[in-house]
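*Asks:* Following this message is one structure expressed as structure tokens.
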Amino acid sequence: MENKITWAAFYELSEIYIAPLNLIWFLFASAIAYQDFHYLNIINILLCFLDVFLFDLAVNIADDYFDYLHGKDPHFLTVTNTIGRMKLSLPAVKKLMVIMYTVSAIPGLILVYRTNYIVLILGMIGYFFGIFYTAGPKPLNATKFCELIVSGMISVFIIEVGVYVAICGQYTFTWTTFLTTLLKCLPIFFLFFATQLANNTCDLREDLLNGRKTFASYLGTKKSIYLLKILTILGFLTPILLAAINQISWFNTLVVLITPFLWKNLQTFFNNPDKHKTYMIFIKNESLYFTIYIGLFFILSLIKR
């Protein structure tokens, strides 16, 4: 018997418990805009955040839905995937997915009305990658570009758009603004790429059984761990380079002081990449670093004018 969509099912499908973390990208975008331009359109930022928050819920639902449709492994279909595990009605999940995509577009359209057609284009790009990350005969999450697309869209694209809408109508978003924002995002990008690669390294066997060939599947576990170490080191040390070229304050490099502590903790994952035993250790330590990095930048933007 197929079950209807309850709050418990929505909670699991949408992963709403982690969606508020999207706020950190907009805090960073706001801090960059305020520090560089001494201006911040709070309404635009809030609308953009709400759009991304709702869209993230829709993408998570779609991820479960299309993974279930494309899935081949019986264990994945009945135990791992939320739809199979909770015996949910597939048409009901599809309907919920469409509703959430539609609802998420509302704050985005209001934002476009308040800004310009460029925001519409940026939104369309974001929706394209978000929707086709899981949808279609060859979804992006089943390709070798999966990790790069996710980390680039979340840790760079969203922040760039955030800065754009924060200053829209008051200042011009130039190529210089784009490049300086990109540089500030680099530590987050490297670490977010690492978390995506770590996730797919843990899911390597499951992904192959279900026909998903991610970048991790091309590298294999050993080479993936090697690349994870390189990405993590780059993420940890890039703030020093950014301070040296005057892209961030030396105050921001205080985050580097926790590097030895985090690196020691990460050895647990490097030695045994397991989704249930060590993956959360990796996530917590990588996330702690870029959260502190953003936090220091945000604090400095408030006190340095």
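Computed from the coordinates by the stated procedures, all read-outs in this text should not be read as laboratory data. Just so you know, these numbers come straight off a predicted model, no measurement behind them. Here the Cβ is made from the backbone with ideal geometry for all residues, glycine too, and neighbour counts use every protein chain on show.
*Asks:* Order of 19-29, 151-161 by packing, highest average Cβ count within 10 Å first?
*Replies:* Averaged packing, sorted descending, gives the order 151-161, 19-29.
*Asks:* So what's the gap between the Cα centers of the range 152-190 and the range 205-266, to the nearest angstrom?
*Replies:* 21 Å
*Asks:* To the nearest 20 debye, what charge dipole does the chain have about its Cα centre, counting +1 at the Cβ of each Lys and Arg and -1 at the Cβ of each Asp and Glu?
*Replies:* About 380 debye.
*Asks:* Follow-up question, since we're still on this one. Please give the net charge around residue 180, taking every other residue with its beta carbon less than 13 angstrom from that of residue 180, where Lys and Arg add +1 and Asp and Glu add -1.
*Replies:* Summing Lys and Arg as +1 and Asp and Glu as -1 gives -1.
*Asks:* Residue 16 to residue 222: extension gain in nm, 0.36 nm per residue of separation minus the Cα-Cα distance?
*Replies:* 70.8 nm is the gain from fully extending residue 16 to residue 222.
*Asks:* Hey, for a label at residue 304 modelled as a point 7 Å past Cα toward Cβ, could you say which residues of the range 163-205 have their backbone N under 18 Å away?
*Replies:* 177, 180-188
*Asks:* Another question, if that's okay. In nm, what is the difference between 0.36 nm times the number of residues separating residue 7 and residue 182 and their Cα-Cα distance?
*Replies:* Details: separation 175, 0.36 × 175 = 63.00 nm, distance 3.84 nm.
Here the answer is 59.2 nm.
*Asks:* As a check on your grasp of the helix formula, calculate [θ] at 222 nm for the chain: sum -39500 (n - 2.57) over DSSP H runs of n ≥ 4, divide by the residue count, round to the nearest 500. All intermediate terms of the calculation are to be shown ahead of the outcome.
*Replies:* Values: 13 runs with 215 residues, N = 305.
So the helix-based figure for the chain works out to -23500 deg cm²/dmol.
*Asks:* With each pseudo-label sitting 7 Å past Cα toward Cβ, what's the residue 148-residue 240 distance in nm, one decimal?
*Replies:* Placing both labels 7 Å along Cα→Cβ, they lie 2.8 nm apart.
*Asks:* Hey, can you rank 45-58, 271-284, 247-260 by average C-beta count inside 10 Å, highest first? It would help to have the intermediate numbers written out before the result.
*Replies:* Details: 45-58: 22.1, 271-284: 14.4, 247-260: 16.4.
Listed from highest to lowest mean packing, they are 45-58, 247-260, 271-284.
*Asks:* Skipping prolines and chain starts, which residues have an amide H placed within reach, meaning under 5 Å, of the one on residue 88, given they are 5 or more residues away or on another chain?
*Replies:* Amide H to amide H, under 5 Å and 5 or more residues apart or across chains, residue 88 pairs with 3.
*Asks:* Taking 45 Å as R0, compute the FRET efficiency from the Cβ-Cβ separation of residue 250 and residue 213 and round it to 0.05.
*Replies:* The pair residue 250/residue 213 has a calculated efficiency of 0.55.
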